Amino acid sequence: MIIRGCSSQPTSAPRSCFSTSFLLPTSNRHSFKKRVTTFKHELDVVSCSFNSPSTNFRIQALEAKKQLDGVISEGSRTNLQNDHLTWPSPSDKVPFWKTEFPSWDISDSGHVDIQKDSDPIHVIHVTAEMAPIAKVGGLGDVVTGLARACLMRGHTVDVYLPFYECINKQHIKELTLISTYGSYHDGSWIPTNIYRGVVFGIPVVFIEPTNHFFKGQSVYGGSYDELEAYLFFSRACLEWLQVSATQPDIIHVHEWQTAGLPLLYWDMYQYLSLQKPRIVLTIHNMEHYGECRQEQLNKCGLDGSVYATEEKAMDDRTIGHNPERLSLLKGGIVYSNAVVTVSPTYLKETLNSGWLAATLIRHRDKYFGILNGIDTAIWNPATDAFLPAKFDANQIEGKRICKLFVQRGLGLAPEAQDSAKVPLVVCITRLVAQKGLHLITNAIRHIEALNGQMIILGTAPDARVGSEFEGLAQLHNEGPSIRILQMYSEELSHMLYAAADIVLVPSIYEPCGLSQMIGMRYGAVPLVRKTGGLADTVFDMDDQSHSETANGFVFEGIDEGSLNCALDRAFSFYREKPNEWRDTVKKVLLMDNSWNNAAGKYIDVYNNVRFKHH
Ligand code: ADP
């Protein structure tokens, strides 16, 4: 095997393959600084802010006043009168999710009551995403949540992240340039800056090559070759460990982006100076294999041809084609000491179908399914800086204020007291096929027909999908019941979960899914398709045999009829059984989907594979 660009020579013969409380906010902590107006003026704004010519709208606006009266009098019992809550309107110059919020720092939250583990481990996460500074989906949440949970249990954890140009440096504490070193790419050594900083209490190492990699306005989709950039990043992390003589117990890699690291580690850096680390790979989604040409792998200094076998990294889909290609994810599975996926059901699904099934079956003894958790300090309706009113299972009133706040801010008709109750369904998602796009668009129609309300917050990486949803937005966004918001907003997502009666996750497949767990944390009852992690976390209300676990509405088919039926059941429940609905909201608010339990399972995996001195 040829090893290119090694900063020193192998010390032994290379092995060819490794086998082995609404709490309404107190005014000093949380005052919306944008405007302070009197309540009287607020009500005037309510009736003026709907500029629709339709009489209906005016009636709804008047109803809003009545409704608001009710909420405010309830609020005064829980100290709303101390607050300068400014009700938003769609005509606000600055939308309500972009106003000034109190600083959001949960660095010190959650340490209480967590027992320290007796045998601390040093773990380094090498990842393409980290919440909230470089988050696109669940991967970012998982890295931050798991890292914080392990830190709280007394372990040493660092996160290694590309220093994307789009990262807002203001969110990083103590950002310091540590060093500049060279890391190999395609025949030359690229000067690379290493920064250290702290994000939510987690030490982060930022890797900034001085070439064009990771430049652009978003985490993914920059105008550079992503595969080559992440291979460079994977090697740059190992190179930095070597330069700084750092040997953690575990290098934890995630997804295809960093799945090349185990190859580089076992076939290169093990022969240089790194001996102690063992590698754990978490696969959050098998959709992307990290398809790679041999020449691309050559660019990080490995010999691509060595990996072009079925046992190693050959992409099974391309066998017999010319040229055959490699899959970084497959290579990562083969070369890691342990492989984890993000729910027990997804583990079974991936062993039964898909291009990686054969590889996963071959490596079954080191393949585990660990359900993700959510970070209950980041996602906490009792303290959330973005919410107009806080709440928890004991004081739930704040949730109604959040709903009304969002309805007002987006110009949705508020619930009228003496007409049918209007459930608010929220869907916060990447708009990609996996998420059940046809079911989401069908839900818009059906919810409108049922006189409910729906808000979709999502981004579409595919322009065609984007324009389809843009068309739907134009059709619905002026009306009283549907809002389609194509953008990414962490702040708005918090407010929507808090406002929602129902959180919709109709995925075709879903490795774990965080949205249903976050929704529950904010008292939104989940309505999901039974697949992957959704099947492990949501149990149907009408399943009499499991009433103690029942916490939502579940459907199985991928057809519109199955979804409609579940929506019908949920809407009837909401409208006809208000007390039971309230109990369900309390039940989901009290559910524990925190990381602590899941982190314990990861720590067991780390302990099983770590290098132990005898
Ligand atoms: P995936 O990882 O497949 O995107 P998950 O349900 O595991 O799906 O995680 C999605 C995460 O991304 C959740 O935290 C969700 O709230 C968040 N999210 C998705 N789309 C948006 C958006 N447009 N704005 C804000 N947050 C979003």
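General remarks:
- Each residue, Lys173 and Glu478, gets one label point 7 Å from its Cα in the Cβ direction; the gap between the two is 4.9 nm.
- Protection proxy ranking, peptides 562-571, 208-217, average beta carbon neighbours within 10 Å, highest first: 562-571, 208-217
- Take the convex hull of the alpha carbons in region 252-317; its mean projected area over all directions comes to 4.8 nm².
- For Thr86, the residues whose amide H sits under 5 Å from its own are Phe32, ignoring neighbours fewer than 5 places away on the same chain, with H placed 1.01 Å from N.
- Overall Cα dimensions of region 160-293 - principal axes, largest extent first, Å: 38, 33, 32
- Sorted on the mean count of surrounding Cβ atoms within 10 Å across their residues, most packed first, peptides 491-498, 287-294 read 491-498, 287-294.
- A crude spin-label estimate for the pair Arg575 and Glu165, with each label 7 Å from Cα along the Cβ direction, gives 5.2 nm.
- Rolling a 1.4 Å probe over the protein heavy atoms gives the chain an accessible area of 39 Å² per residue.
- Gain on full stretching of the segment that runs from Ser273 to Thr441 - 0.36 nm per residue minus C-alpha separation: 55.1 nm
- Note, ³J(HN,Hα) from phi for region 437-450, Karplus 6.51, -1.76, 1.60, rounded to Hz, x at Gly and Pro: 4, 5, 6, 5, 5, 5, 4, 4, 4, 5, 5, 4, 5, 8
- Cross-link partners of Lys276 among lysines, defined as those whose alpha carbon lies under 27 angstrom from its own and excluding same-chain residues fewer than eight positions apart: Lys116, Lys299, Lys312, Lys330, Lys366, Lys601, Lys612.
- Listed by chain and number, the lysines placed with their C-alpha closer than 20 angstrom to that of Lys169 are Lys98, Lys135, Lys215; residues fewer than eight positions away on the same chain are left out.
- Adding -39500 (n - 2.57) for every DSSP H run of four residues or longer, then dividing by how many residues the chain holds, sets the calculated 222 nm ellipticity at -10500 deg cm²/dmol.
- Amide hydrogen proximity for Thr309: with H placed 1.01 Å from N in the peptide plane, the residues at 5 or more positions away or on another chain lying under 5 Å are Met314.
- Only aspartates and glutamates eight or more places from Lys587 in sequence, or on another chain, were considered; those with a Cα closer than 13 Å are Asp392, Glu548.
- Across region 247-263, computed HN-Hα scalar couplings (Karplus, 6.51 cos²θ - 1.76 cosθ + 1.60, θ = phi - 60°) run 10, x, 6, 10, 9, 9, 9, 9, 6, 5, 4, 10, 6, x, 4, x, 5 Hz from first to last residue, x flagging Gly and Pro.
- Distance-filtered residues of region 524-563 - backbone nitrogen under 12 Å, label point 7 angstrom along Ala449 Cα→Cβ: 560-563
- Since only Val609, Ala358, Leu263 are under comparison, the one whose Cα sits farthest along the positive direction of the charge dipole of the chain, derived from C-beta charges on Lys, Arg, Asp and Glu, is Val609.
- Here the accessible area is traced with a 1.4 Å probe on the protein chains. For the chain, carbon and sulfur cover 51 percent of it.
- Dimensions of region 344-393 based on its C-alpha atoms, expressed as ranges along the principal axes with the largest first, amount to 51, 19, 18 Å.
- The stretch between Ser244 and Ser353 holds 35.0 nm of extra length on full extension. This uses 0.36 nm per residue minus the Cα-Cα distance.
- Net length gained if the chain between Gln544 and Lys612 were fully extended (0.36 nm per residue, minus Cα distance): 19.6 nm
- Per-residue accessible area (protein heavy atoms, 1.4 Å probe) orders Asp105, Asp384, Asp365 as Asp365, Asp105, Asp384, starting from the largest.
- Table column - 3J(HN,Hα) (Hz), region 590-602, Karplus curve with 6.51, -1.76, 1.60, x for Gly and Pro: 8, 5, 9, 10, 6, 6, 4, 5, 5, 4, x, 5, 5
- Cα gyration tensor of region 269-379 - equivalent ellipsoid semi-axes, whole Å, descending: 26, 19, 13
- Rg over Rh [alpha-carbon atoms, Kirkwood Rh] for the chain: 0.99
- About the centre of its Cα atoms, the chain shows a dipole size close to 820 debye [charges on the beta carbon of Lys, Arg (+1) and Asp, Glu (-1) only; nearest 20 debye].
The values are calculated or read from the model by the stated rules, or taken from the named source; none is laboratory data. Given the structure is predicted, the values throughout are model-derived calculations rather than measurements. Don't worry about glycine lacking a Cβ; one is built from the backbone with ideal geometry, like all the others, and counts go over all protein chains shown. Just so you know, the surface numbers come from the protein's heavy atoms only, side chains and all, with ligands and any DNA or RNA stripped out. Shrake-Rupley method; radii C 1.70, N 1.55, O 1.52, S 1.80 Å.
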